[in-house]
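Notes follow once the structure below has been shown.
None of the figures in this text is laboratory data; all of them are computed from the coordinates on show. No experiment lies behind these values; they were computed from the predicted model shown. Please note: Cβ atoms are built from the backbone with ideal geometry, for glycine as well, and neighbour counts cover all protein chains shown.
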Amino acid sequence: MTDLYSKIVSTGSYLPQKIYTNHDIEKLVDTSHDWIVERTGIISRHIADENESSVDMAYEASCKAIERSNLKNNDIDLILVATTTPERKFPSTAVLLQSLLNNNKASAFDVNAACTGFIYALDIADKYIKGGFAKNVLVVGTEKITSLIDWSDRNTCVLFGDGAGAVILTASQTPGLISNTIGSDGSYKDLLTVNTDTEVIEMRGNDVFKIAVNTMGKLAKKTLENSDYSVNNIDWLIPHQANSRIIKAVAKKINLSEDKIIMTVDKHGNTSAASIPLALDYGVNTGMVKKDHLIIFEAFGAGFTWGSTLLKF
Ligand code: COA
């Protein structure tokens, strides 16, 4: 029997029209454009309209990915949506997306692993495809994360933005996804959290920063060590986009030069589970990411959760 792999055949993304620059945020809290750029690398972020939900954004990103895949909506047999900001408690965001897509063939469910959600969803998709349980999987990361922002808290309100990214994974005789690693440690549950009584992001930024750099650095190293590739083979690092200093520190830990990083945090801010598929689609649209490129995804989020994917595009 020949090996079966899952392969990303297309990407799509969506960003809301409204943009908040650092200067807009200067009007809300005691902060400055220079501080935000120096400490985070963020210059602006997109903000969803009041009546624009994570499902609406997921739909826009998914339509682009499906169109580019040359599949029909009903060819999709599994829909996975990574989100921490569902439009409803239930049905799931994935099921609401299925309805907008007029798809009546797929199973659909959400994955919540905070900012690592997209990598968790990819891991599930990969296993469904390798196991022969699905052929064409739509994997989406979508967040209206600004709905969880306290706009008077300067520690958090400068960091986040909204958006959605989508990929289509299909069964393939060649890789595709080469390896996928996910992990979590619930003992850090209070360092980055949204409690149901307050419904706003609370974060111990400094602690999160250090653990994020260490965890993603170690993970990237291990991912390469466990593969047939070295850092010299990597065309692109596409990490979770939370802070440019975190991203550069991770690249340094694996001796990867900074010009091999797809960096979108300056334009998008931290879009949680949407950040990796948004950055991937940005890489594709700008012509940086090309067919057969070797790519490593690295993610880290509340929990803590973490994940790493090595793939041939
Ligand atoms: N504007 C101006 N000053 C600010 C500020 C803001 N928006 N936010 C915090 N400060 C101040 C602090 O009050 C502190 O002042 P003090 O020294 O007088 O007490 C000073 O800046 C330094 O704060 P600190 O928290 O140590 O800054 P930092 O260098 O760690 O940067 C973050 C703060 C949030 C940017 C950084 O910790 C970070 O990015 N953490 C990880 C966040 C993250 O990735 N979260 C999601 C993970 S998925």
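Looking only at region 34-48, residues that are over 22 Å from Leu278 (Cα atoms) and more than 10 Å from the ligand (Cβ to nearest atom) come to 0 in all. Restricting Asp162, Asp153, Asp185, Asp207 to residues that are more than 11 Å from the ligand (Cβ to nearest atom), surrounded by fewer than 17 Cβ atoms within 10 Å (Cβ to Cβ) and acidic (Asp, Glu) narrows the list to Asp185.
Every condition in (1) more than 20 Å from the chain's Cα centre (by Cα); (2) touching a residue at least 60 places away in the same chain (Cβ under 8 Å) holds for Thr142 except the one numbered (1). With respect to the stated conditions, Ser54 is more than 16 Å from the ligand (Cβ to nearest atom) and in contact with a strand residue (DSSP E or B) (Cβ under 6 Å, 6 or more places away or on another chain). Scanning region 237-266 for residues that are assigned to a loop (DSSP other than H, G, I, E, B), within 16 Å of the ligand (Cβ to nearest atom) and without any contact (Cβ under 8 Å) to a residue 60 or more places away in the chain turns up Gln241, Thr264.
Annotation: Ile178 fulfils all but one of (1) in a strand (DSSP E or B); (2) closer than 21 Å to Ala114 by Cα; the unmet one is (2).
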